[in-house]
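Values quoted throughout were computed directly from the atomic coordinates according to the rules given, and no laboratory measurement underlies them. Computed from a predicted model, the values in this text were never measured in an experiment. Neighbour counts are summed over all protein chains in view; Cβ atoms, including those assigned to glycine, are modelled from backbone coordinates with ideal geometry.
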Amino acid sequence: MTLSTNTERMADGSSRDQGLGLRSTLGQVTKKRPRRLGQWVATMLFVLVVVLGLVTLFQSQSDRVEVLVVTNPVAAGQVIDKDDVRPAQVAGVDGAVHASDIESIVGKRAAAGLVDGQVLTDAALSEEEVPADGERLVAIRLDKGRVPGGLIAGDLVDVLAAPPEGDPGTKAELEAPKVLATGARVDSVGKTPEGAVVVTVLVEDGLADVIAAHSAAGQVTIVQAPLSGEE
């Protein structure tokens with residue numbers, strides 16, 4: 001009787017110990033699971049960010065095409081030669097001449113003045129002599145913020161002298177800027193691979209040199225001319 005009772009007590013104690021051990025083990029697993037879950041989620045988010053970055057990079061590279069870019073300034077009406085252009089990878093330039101079409105542009109004339117770094121487009125080429133007597137085309141290189149939005153060929157603009165980028169200028173220069181030309185007709189609008197805008201305008205012969213000099217020094221800007229100034 002006593003032996004049986006002791007045996008039963010020992011069995012009950014062992015069962016309790018096993019139960020406590022099982023609950024302790026389950027508690028440890030429960031405590032560790034959220035930490036592992038968080039690590040798994042962080043890993044998946046990292047992988048997702050990397051994949052999205054690679055996809056974006058691939059798409060931006062796939063949008064780039066090899067086109068022709070001007071290497072030497074070409075005056076309006078001047079015949080274009082192979083040495084005046086070079087291939088470059090760019091994206092988002094409508095009407096750009098593909099590098100493989102270089103033979104087709106040799107011998108054509110520049111419809112407007114072309115500047116170094118400008119992407120060559122079909123609109124910039126002509127087989128006719130330009131401009132007319134007493135007029136000259138001037139290419140003006142402008143940084144972002146110095147060009148009216150939506151400017152297109154045929155628009156009229158006023159060309160103003162302005163302090164170069166980074167120079168605040170004097171009060172007199174800002175309140176009464178020097179007018180280099182009024183009612184100049186836009187012949188074409190292009191851009192360089194660096195993002196600068198090249199606006200070619202048709203002006204009187206006597207104004208061309210001054211505007212070109214201001215453009216080379218980065219001291220020029222343009223504004224849309226009033227509608228009343230149209231001819």
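Just a few scattered comments:
- Charge dipole (debye, nearest 20) of region 64-130; +1 at Cβ of Lys and Arg, -1 at Cβ of Asp and Glu: 200 debye
- Summed residue charge, Cβ within 13 Å of Pro163's Cβ, Lys/Arg positive, Asp/Glu negative: -2
- Selected from Ile102, Thr170, Gln118, residue furthest toward positive end of dipole (region 61-173; charges at beta carbon): Thr170
- Label-point separation in nm, Asp94 to Leu52, each point 7 Å along Cα→Cβ: 3.1 nm
- For Ala208, the shell of other residues with beta-carbons less than 11 Å away shows a net charge of -3, using +1 for Lys and Arg and -1 for Asp and Glu.
- Calculated from the alpha-carbon coordinates, region 140-231 shows an Rg and a Dmax of 12.6, 36 Å respectively.
- Summed residue charge, Cβ within 12 Å of Val74's Cβ, Lys/Arg positive, Asp/Glu negative: -2
- Length gained on full extension, Asn72 to Asp209, computed as 0.36 nm times the residue gap minus the Cα-Cα distance: 47.5 nm.
- A Förster radius of 35 Å, combined with the Cβ-Cβ distance separating Arg64 from Ala216, puts the computed FRET efficiency at roughly 0.75.
- Taking 7 Å steps out from each Cα toward its Cβ at Lys178 and Asp101 produces label points 4.0 nm apart.
- Among 136-147, 207-218, 96-107, the order from most to least packed when residues are scored by Cβ within 10 Å on average: 136-147, 207-218, 96-107
- Amide H to amide H, with H built 1.01 Å from N, Ile140 comes under 5 Å of Val199, Thr200, Val201, counting only residues 5 or more places away or on other chains.
- Pairwise FRET efficiency - Leu45 versus Leu151, Cβ, R0 = 41 Å, nearest 0.05: 0.40
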